[in-house]
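K.L.:
If you scroll down you'll find the structure; I have some questions about it.
The values are calculated or read from the model by the stated rules, or taken from the named source; none is laboratory data. Predicted, not measured: the structure shown is a model, and the values here were computed from it. Because the Cβ atoms are built from the backbone with ideal geometry, glycine has one as well, and the counts that use them run over all protein chains shown.
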Amino acid sequence: MTTSTSVRARFLGAGQITFDKATLGPVADGHVRVRVDVCALCGSDKRLLQSGSPVVPGHEIAGTVVDVGAGVTTPTGTRGIVYIPVYCGTCRRCVAGRTNQCLNLRELIGWQRDGGFAEHVDVPARCLLPVPDDVPLTTAVLGLDTVGTAAHALRLWQRIQPDGVDRALVIGAGPLGLGVISVAGAFGITAVEAYDPHDGRLATAVELGARAAADLESENQYDLVVEVSGAAAAREAAQRVVAPGGAVIALGESNAPYTMPATPRWRRTDCFTVRSFYFPTDEVAANWDLLRAHGVALRDRLTVPLTLDALPDAFARFVAGDYLKPCIVSEDAR
């Protein structure tokens, strides 16, 4: 392959983003080079925006294979989404299909190795999940965090409450919370309430079928609470409003420790706390079905297509709450 160049974003910390141009050499053995057609911004990226990153951030990636390394059978032209855990493929969890539980997991794409806020990204071939022909890449990218993570959390929940629930609450109506609301009905959850301090996000939750929660102070209200914001106040509210016998799903990301209140009421509350991380590859086929049913409605309500050079402004407006899910979209995907 003749080497080419690729523009990449660099996060310097304190909200500063710059760009450089890298020369691309040969693709490493076992890897594919992906032209980044879509890379969505995620709330967790805000941490790297402030701290800075030694690698190119961006972990919600959809794109097209343009080159491959030795030993790879994936053809160029393959459309795919990038699975961010660089799983080993050989441990007992991976062999069982539970790749999100890889016992040798050390790297996440966009966190410990270069991600998708660039024109190209090289990833292990096993981390490229082919996208069905009937699913546009602008929708497929929601199969990662927005729908994939949401659906996996609800599949975990079904194991502990197989008979369903009467009332469910989603705290935090960002993209992941809205993903939970969108697919909840597919898991038998028919009555969903939502809370978010941002009026626009809450309005979107209502558009997607939730009812605005009226009371986050009274105890013992909900059989299921999905906490998606990661904020201390939201975590405290989740543990306050969950009913005995209920479940709290902790999806929200934060650098702050997750704590449980040392109160008599909490000590006497018999309930489940579930921490969910991403989704395994053996759920991907079922997730495509969810996207076929809900993906376009989510995409049209959540995403704003932008160009890579607009990334600094996209993050500024994302942090300010003006955008729900800005996406860097190449001309090829528009």
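K.L.:
Kindly establish whether ILE61 is surrounded by 23 or more Cβ atoms within 10 Å (Cβ to Cβ), aliphatic (A, V, I, L, M), in a strand (DSSP E or B) and at pLDDT 95 or above.
P.N.:
Yes, satisfied.
K.L.:
Right, here's the next one. So, in the stretch 258-309, of the ones that are within 30 Å of PRO132 (Cβ to Cβ) and β-branched (Val, Ile, Thr), which residue ends up surrounded by the fewest Cβ atoms within 10 Å (Cβ to Cβ)?
P.N.:
THR307
K.L.:
Can you pull out the residues in the stretch 73-113 that are more than 17 Å from the chain's Cα centre (by Cα), within 19 Å of ASP37 (Cβ to Cβ) and not hydroxyl-bearing (Ser, Thr, Tyr)?
P.N.:
Once the filter is applied, which keeps residues that are more than 17 Å from the chain's Cα centre (by Cα), within 19 Å of ASP37 (Cβ to Cβ) and not hydroxyl-bearing (Ser, Thr, Tyr), the stretch 73-113 yields PRO75, GLY77, ARG79.
K.L.:
Something else about it: Can you pull out every residue in the stretch 195-214 that is in a loop (DSSP other than H, G, I, E, B) and either in contact with a helix residue (DSSP H, G or I) (Cβ under 8 Å, 6 or more places away or on another chain) or at positive phi (or both)?
P.N.:
Correct list: ASP196, LEU208, GLY209, ALA210.
K.L.:
Listed residues ARG155, ARG211; which is touching a strand residue (DSSP E or B) at 6+ places or on another chain (Cβ under 7 Å) and surrounded by fewer than 23 Cβ atoms within 10 Å (Cβ to Cβ)?
P.N.:
Within the list ARG155, ARG211, the selection yields ARG211.
K.L.:
Of VAL141, VAL123, VAL135, which residue is assigned by TED's automatic domain parsing to the domain that holds ARG35, buried (at least 24 other Cβ atoms within 10 Å of the Cβ), over 17 Å from the mean Cα position of the chain (by Cα) and more than 13 Å from LEU251 (Cβ to Cβ)?
P.N.:
Exactly one residue qualifies, and that residue is VAL123.
K.L.:
Does the stretch 259-266 contain at least one residue that is within 19 Å of VAL170 (Cβ to Cβ) and touching a residue at least 24 places away in the same chain (Cβ under 8 Å)?
P.N.:
no
K.L.:
Another question, then. Does ARG92 qualify as being of a type in the set (D, E, K, R), surrounded by 21 or more Cβ atoms within 10 Å (Cβ to Cβ) and over 21 Å from THR146 (Cβ atoms)?
P.N.:
Against the criterion (of a type in the set (D, E, K, R), surrounded by 21 or more Cβ atoms within 10 Å (Cβ to Cβ) and over 21 Å from THR146 (Cβ atoms)), ARG92 does not qualify.
K.L.:
With ALA70, ALA40, ALA28, ALA14 as the choices, which residue is farther than 24 Å from VAL131 by Cα and of a type in the set (Gly, Ala, Ser)?
P.N.:
ALA14
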